[in-house]
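Notes to accompany the following structure.
The values are calculated or read from the model by the stated rules, or taken from the named source; none is laboratory data. Because the structure is a prediction, the values reported are computed rather than measured. Neighbour counts run over all protein chains shown; Cβ positions are idealised from the backbone, glycine included. To get the accessible areas, we keep the full protein, side chains included, count just its heavy atoms, and leave off ligands, DNA and RNA. Shrake-Rupley method; radii C 1.70, N 1.55, O 1.52, S 1.80 Å.
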Amino acid sequence: DLDQITATLQETLRFQSTDRLAEQAMQACTRLGREITWENLPSFEFDAEAAAANRIVTIDRADPAHAAFDMMRTRILQNMRQNNWTSIAITSPTPGCGTSMVALNLAFSLAHQHDCRTLLIDFNLKQPRIGDILDINAPASMEDFLTGSVPIHDVFVRYGDNLAIGTNNERVEFSAELLQSVEAARVLQELQLRMGPDIILFDLPPMLSSDDVTAFLPNVDCAILVAEAERSTFDEVDRCEQRLAEQTKMLGVVLNRCQYGTGG
């Protein structure tokens with residue numbers, strides 16, 4: 001077992017020597033383990049027609065709308081690197097605002113940044129959407145993964161070399177309890193250690209529909225709020241912004257389904 005071999009070698013080096021050579025050897029073992037983990041993930045392709053039908057515009061970037069997501073990606077990367085942040089919660093005030101669409105477009109936009117490894121994880125546990133949009137049927141549920149029952153490759157698939165997507169194949173009844181459990185936090189820490197992502201995007205449920213987001217926010221560095229033009233109210237956005245700011249850093253608000261461009 002590679003993990004056991006790597007762990008044994010690291011422990012041996014740690015006890016044998018504290019010099020720079022031992023540290024470099026342990027770092028090399030960690031890098032090797034991460035490369036093997038990424039390579040062992042099942043890969044998938046998402047054809048242009050299916051992407052267009054689901055408004056995923058950042059894969060081939062043929063639709064001019066991709067520019068807005070690319071600009072958001074660049075601003076996010078600058079903020080994350082400046083603050084040494086890794087994880088982003090993506091949520092909305094109410095259902096239907098488009099968090100999954102925003103998360104997927106941002107993830108595929110980040111995939112074009114070849115020096116950045118990205119994880120997108122479907123944490124809308126009561127109404128998972130990512131797997132349906134991508135037409136992926138994971139062999140295990142996110143609940144099984146967060147309780148430590150199944151390995152990474154049972155819930156994650158790889159797109160290209162630097163994007164991995166964690167999907168969910170069934171609803172979780174008591175999702176808030178799962179998201180704030182000690183075991184889930186341990187599994188996510190291990191995931192980050194095993195895969196070494198630069199960015200982790202968590203597609204979360206609406207804030208005003210359940211306590212899932214509140215339960216999970218202590219696990220992330222910052223948050224993005226997705227509001228729907230002409231439907232999300234100022235009061236809803238203000239309430240959500242305030243709650244997000246109380247528990248994490250507020251990265252920004254995305255206005256989705258806006259019919260008016262910046263020119264007018």
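Keeping every protein chain in place, order CYS240, CYS29 by accessible area at 1.4 Å, biggest value first, i.e. largest first.
Working: CYS240 0, CYS29 20 Å².
From most accessible down to least: CYS29, CYS240.
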Seminar exercise, completed: If amide H atoms are modeled at 1.01 Å from N in the peptide plane, then the residues at a separation of 5 or more from LEU163, or on another chain, having amide H under 5 Å from its own are THR118
Problem set entry | Estimated distance in nm for a label pair at GLU173 and GLN78, the labels positioned 7 Å out from Cα along Cα-to-Cβ | 4.9
Exercise. Do any trypsin sites (Lys or Arg not before Pro) in the range 77-172 lie in a loop, going by DSSP, with at most 10 other beta-carbon atoms within 10 Å of their beta carbon, and if so which?
Worked result: none
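With a Förster radius of 51 Å, plug the Cβ-Cβ distance of VAL237 and SER43 into 1/(1 + (r/R0)^6) and report the FRET value to the nearest 0.05.
On the way: r = 38 Å, r/R0 = 0.75.
So the FRET efficiency works out to roughly 0.85.
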Exercise. Among ASN219, HIS153, ALA176, whose Cα lies farthest out toward the positive end of the dipole of the range 145-225, if unit charges sit on the beta carbon of Lys, Arg (+1) and Asp, Glu (-1)?
Worked result: HIS153
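Taking all protein chains as present, what is the carbon and sulfur share of the accessible area of the chain, in % to the nearest whole number, probe 1.4 Å?
Values: 6610 of 13640 Å².
C and S fraction of accessible area: 48 percent.
How big is the charge dipole of the range 69-163 about its Cα centre, in debye rounded to the nearest 20, if each Lys and Arg gets +1 on its Cβ and each Asp and Glu gets -1 on its Cβ?
Computed charge dipole of the range 69-163: roughly 380 debye.
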Exercise. On a 0 to 90 degree scale, rounded to 10, what angle separates helix 99-111 from the longest Cα axis of the chain?
Worked result: 50
For this session: Could you pull out which residues in the range 80-113 have an amide N less than 11 Å from a spot 7 Å beyond the Cα of ASP63, following the Cα-Cβ vector?
Result: 101-102, 105
Exercise. For the range 120-264, what proportion of DSSP beta bridges, expressed in % and rounded to the nearest 5, is antiparallel?
Worked result: 25
For this session: May I ask you to evaluate 6.51 cos²θ - 1.76 cosθ + 1.60, the Karplus curve with θ = phi - 60°, for each residue of the range 255-260 and list the ³J(HN,Hα) values in order in whole Hz, giving x for glycine and proline?
Result: 9, 9, 6, 7, 8, 10
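Taking the Cβ-Cβ separation of THR147 and LEU32 as r and a Förster radius of 30 Å, what is the calculated FRET efficiency to the nearest 0.05?
On the way: r = 28 Å, r/R0 = 0.93.
For THR147 and LEU32, the calculated efficiency is 0.60.
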Exercise. For the chain, what is the relative contact order in percent, using Cα pairs closer than 8 Å and at least 6 residues apart in sequence?
Worked result: 23
Problem set entry | Test item: Cα-centred dipole of the range 125-264, Lys/Arg +1 and Asp/Glu -1 on Cβ, debye | 220
Exercise. How far is helix 2-16 tilted off the main Cα axis of the chain, in degrees rounded to 10, range 0 to 90?
Worked result: 60
